[in-house]
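The values are calculated or read from the model by the stated rules, or taken from the named source; none is laboratory data. The shown structure was predicted, so the numbers you read here are calculated from the model rather than taken from an experiment. Methodologically, a virtual Cβ is constructed for each residue, glycine included, from the backbone with ideal geometry; neighbour enumeration extends over all protein chains shown.
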Amino acid sequence: MSALAAVFAQYPLEVEHAEGVWLHARGGRRVLDLYGGHAVAALGYGHPGWTRAVQAQAATCNFQSNAVPMAVRERAAARLLRFAGGGYDSVFFVNSGAEANENALKMAFRMTSRPHVAAVEGSFHGRTAAAGTITWGAREKWHAFPRTPFDVSWMPRRDIGAIARHVTQDTAAVIVEPVQGVGGAFDMGAEFLQALRNRCDEMGALLIFDEVQCGMGRVGQAFAAGLYGVHPDMITTAKALGNGFPCAALLMAPRVSAAIKLETLGTTFGGGPMAAAAIEAVIEAIEGEDLLANVRRVSRYIRETCRVGPVTGFQGEGFLLGLRMSRPAKEVQAALLERNILAGTSGDPQVLRLLPPFILQEEHVDLLKGTLAAL
Ligand SMILES: Cc1ncc(COP(=O)(O)O)c(C=O)c1O
């Protein structure tokens, strides 16, 4: 019996080592990874630059707190702001997506002194008390806390007409995943996001993009904010940010940065030098290897070639791609795994979710296509 808490259903696959886009499992099995450990393994496995950077930082200085200045932390923050393409002037590093969202909400409450947040149906923002409060269905399924820490109301996805009803003078923040991950690789589209931006400006509410899953290059741009040309006051990101080294970040626009005072936010591990080195190496690889262009090209190739077998359509962006199925995605996922391809499911039972490493090539897609066609 496992010593691990029985929290996660287990795939029938035990990974021993991995390289590139391939998982090598017990029994000599080789599995194509189109899921990237829940969107984390952006550079795939054994990336030489990332591995070197993490090893070198471990040998140089593995940890100092945020009270001790370190060049690697400064460099990671500056590089992340540059990568985001302007509009943000400070970064607060934390450890997980949920923690980044908690801190974003905290800033919005501090700045507005209002009691309410508007979220979007289908969203997933994390498992802590506040992040769970804005996660669709959490209250019914697992939230468990006796009270929620603030009022929340739910906007239907892409329903521009509903926004005014939900975003009022009581609203501290609107939080949205520009492309929902768990919700089924569901893209909100530029019009809905722009309408949220406009209403937040009108009401004096803060707009937060949760780019924990869709950010850091996954949509084929640095962030979905840039893809859609809509700029929130805060962006949260994690997952691909460290390529497996646990870390997350809150990017803040100048008016949010200006509201920060000493010790309003805090963390022990956030912004540690190992995480900072990992973040720097991830951005270096994405930029140096032109991986955003690769994501766009190969994502297009999937859409062009994989409408076969049970696949009836596509949704999402880049490598946060949903394949709509004529039968339950869970069945298709199991059949693919039997044939050595790992893909994900989502909150939408008909959507198979692909979150592959950004280094995926056409030859790998051909394997997926051939396997889907034979199902
Ligand atoms: C969009 C989004 N936000 C937040 C989270 C929570 O991130 P973490 O598990 O790092 O706390 C997730 C995790 O799946 C996510 O997909």
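Got at least one residue in the stretch 240-258 being assigned to a loop (DSSP other than H, G, I, E, B) and within 20 Å of LEU354 (Cβ to Cβ)?
The answer is yes, given that some residue of the stretch 240-258 is assigned to a loop (DSSP other than H, G, I, E, B) and within 20 Å of LEU354 (Cβ to Cβ).
Is it the case that some residue within the stretch 98-106 is within 30 Å of ALA276 (Cβ to Cβ) and touching a Phe, Trp or Tyr at 6+ places or on another chain (Cβ under 7 Å)?
Of the residues in the stretch 98-106, the ones within 30 Å of ALA276 (Cβ to Cβ) are 98-106.
Now restrict to residues that are touching a Phe, Trp or Tyr at 6+ places or on another chain (Cβ under 7 Å): 103.
Among the residues of the stretch 98-106, at least one is within 30 Å of ALA276 (Cβ to Cβ) and touching a Phe, Trp or Tyr at 6+ places or on another chain (Cβ under 7 Å), which makes the answer yes.
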- [ ] Tell me which residues, restricted to the stretch 194-215, are aliphatic (A, V, I, L, M), assigned to a strand (DSSP E or B) and within 16 Å of the ligand (Cβ to nearest atom).
- [x] LEU207, ILE208
Open item on the list: Take the conditions on the phi < 0 side of the Ramachandran plot, outside the structural domain of ARG296 (by TED's automatic domain parsing) and surrounded by 24 or more Cβ atoms within 10 Å (Cβ to Cβ) and apply them to LEU206. Does it pass?
Closed with: yes
Task: Scope the stretch 122-135; condition in contact with a strand residue (DSSP E or B) (Cβ under 7 Å, 6 or more places away or on another chain) and in contact (Cβ under 8 Å) with a residue 60 or more places away in the chain; matching residues - done: GLY122, SER123, HIS125
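Pull up the stretch 320-337, narrow it to residues that are outside any strand (DSSP E or B) and aliphatic (A, V, I, L, M), then point me to the one that is surrounded by the fewest Cβ atoms within 10 Å (Cβ to Cβ).
It comes out as ALA334.
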Open item on the list: Consider the stretch 6-49. How many of its residues are within 16 Å of the ligand (Cβ to nearest atom) and assigned by TED's automatic domain parsing to the domain that holds LEU342?
Closed with: 8
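For residues that are of a type in the set (D, E, K, R) and in contact with a Gly (Cβ under 9 Å, 6 or more places away or on another chain), scanning just the stretch 216-249, find the one that is nearest to the ligand (Cβ to nearest atom). Give the derivation first.
Residues of the stretch 216-249 of a type in the set (D, E, K, R): 218, 233, 239.
Checking the rest, the ones that are also in contact with a Gly (Cβ under 9 Å, 6 or more places away or on another chain) come to 218, 239.
Details: ARG218: 11, LYS239: 7 Å.
Looking at the filtered set, the residue picked out is LYS239.
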Open item on the list: Can you find a residue that is in contact with a Pro (Cβ under 6 Å, 6 or more places away or on another chain) and not β-branched (Val, Ile, Thr) anywhere in the stretch 58-66?
Closed with: yes
TODO: Quick one: count up the residues across the stretch 279-319 that are among the polar types (S, T, N, Q), within 18 Å of the chain's Cα centre (by Cα) and either assigned to a strand (DSSP E or B) or surrounded by fewer than 22 Cβ atoms within 10 Å (Cβ to Cβ) (or both).
DONE: 1
